[in-house]
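Here's the structure we're looking at; comments come further down.
The values are calculated or read from the model by the stated rules, or taken from the named source; none is laboratory data. Model, not experiment: these values are computed from the prediction. With ideal geometry, Cβ positions are generated from the backbone for all residues, glycine too; neighbour counts draw on all protein chains shown. With ligands, DNA and RNA removed, areas are computed over all heavy atoms of the protein, side chains included. Shrake-Rupley method; radii C 1.70, N 1.55, O 1.52, S 1.80 Å.
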Amino acid sequence: MKKTLSIFLAVLIGILTAAAGKPAKYFDYLSSAPGFDYTYVSPSMLKMMGNKVVNTDLNIRASDISSIETITTMTEGTNTDLWESIRKLKSKMNLSTLTTKKQDNYRYDVLAKLSGDGKFITKLMVVTQDTGENVTVVYIEGKIPLDDVFLQL
């Protein structure tokens, strides 16, 4: 009985640990909708990439990231769902706007959540809209040193 209980507890702890370490996918539900292009990069894939820079615009390295999601739409009429998801994620994750640029139909927003000591970005969302319908979102979670990130508009 004691051995069975020990095995059960070990399996339960393994399942809970695996579930706790699995990053959420916030835009996955839109991936099967027409007009969306969705990509998710898992923690395992990011580990294999080592110290490679994955975002040259912001100088972010794979070794500092636990997950990446990107979603793009170029189809008229589907942006409503995407913008609603962006607003919900911004609120849920308590993201603050770091920078915004708007000009004609062009828009570029960088939103982030900093660590308690203010030295790292733990959640980062970059939203780009380069025409009326074309919207791209990159959402990253990890521990990105603030000193490594630079913003160029």
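The residue of region 38-59 that is surrounded by the most Cβ atoms within 10 Å (Cβ to Cβ), among those that are assigned to a loop (DSSP other than H, G, I, E, B), on the phi < 0 side of the Ramachandran plot and in contact (Cβ under 8 Å) with a residue 24 or more places away in the chain, is LEU58. Would you confirm whether or not region 115-129 contains a residue that is of a type in the set (Lys, Arg) and assigned to a loop (DSSP other than H, G, I, E, B)? Yes, there is a match, as at least one residue in region 115-129 is of a type in the set (Lys, Arg) and assigned to a loop (DSSP other than H, G, I, E, B).
Of the candidates LYS143, LYS101, the single residue that is over 26 Å from TYR29 (Cα atoms) and open to solvent by 50 Å² or more (accessible area, probe 1.4 Å) is LYS101. Does region 90-98 contain at least one residue that is open to solvent by less than 60 Å² (accessible area, probe 1.4 Å) and of a type in the set (Val, Ile, Thr)? No, every residue in region 90-98 fails to be open to solvent by less than 60 Å² (accessible area, probe 1.4 Å) and of a type in the set (Val, Ile, Thr). For region 62-89, a residue qualifies if it is open to solvent by less than 80 Å² (accessible area, probe 1.4 Å), assigned to a helix (DSSP H, G or I), touching a Leu at 6+ places or on another chain (Cβ under 8 Å) and closer than 15 Å to PHE27 by Cα, and the qualifying residues are LEU82, SER85, LEU89.
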